[in-house]
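The values are calculated or read from the model by the stated rules, or taken from the named source; none is laboratory data. Given the structure is predicted, the values throughout are model-derived calculations rather than measurements. Cβ placement follows ideal geometry from the backbone for every residue including glycine, while neighbour counts extend to all protein chains displayed. Note: accessible area is taken over every heavy atom of the protein model, side chains too, but ligands, DNA and RNA are not part of it. Shrake-Rupley method; radii C 1.70, N 1.55, O 1.52, S 1.80 Å.
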Amino acid sequence: QVQLVESGGGLVQAGGSLRLSCTAADPTFRSNYMGWYRQVPGKQRELVAVVRNRNTNEYADSVKGRFTISRDKNSVYLQMNSLKPEDTAVYYCKVVANWVTYWGQGTQVTVSS
């Protein structure tokens, strides 16, 4: 079992920035798939950004040019700039290792207009 610890969510005004972090408790943990998803009440969880091996990044169209995903050893980060009210959601990190999927506990991001 891999424990993931998320941090960095909060309340910010539109146009502001936040940086989310997700770190595996095991410092030797490595994954070939690390990503961020988000979910609002009543809707399905959706992909925000993912980074795979060889640092191939993928972004949802709604966040391209504003969000940047990066990774470092056992951590994955999401830099969110130019935030909009529609970015309000609970953000979850997701990692896959040895064909097993792990989710973080979620962190609330609220963007006020």
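Quick rundown of the values:
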read-out	value
Any hit, the range 33-45, residues being within 19 Å of residue 75 (Cβ to Cβ) and open to solvent by 70 Å² or more (accessible area, probe 1.4 Å)	no
Total residues in the range 51-79, condition more than 18 Å from residue 9 (Cα to Cα) and part of a strand (DSSP E or B)	6
Residue within the range 80-101 that is open to solvent by less than 20 Å² (accessible area, probe 1.4 Å), assigned to a loop (DSSP other than H, G, I, E, B) and either in contact (Cβ under 8 Å) with a residue 60 or more places away in the chain or of a type outside the set (Asp, Glu) (or both) present	yes
Selection status of residue 19, closer than 14 Å to residue 78 by Cβ and open to solvent by 70 Å² or more (accessible area, probe 1.4 Å)	yes
Unmet requirement for residue 31, which otherwise passes all of (1) hydroxyl-bearing (Ser, Thr, Tyr); (2) part of a loop (DSSP other than H, G, I, E, B); (3) closer than 18 Å to residue 112 by Cα; (4) in contact with a strand residue (DSSP E or B) (Cβ under 8 Å, 6 or more places away or on another chain)	(3)
Conditions (1) surrounded by 13 or more Cβ atoms within 10 Å (Cβ to Cβ); (2) farther than 17 Å from residue 105 by Cα: number failed by residue 48	(2)
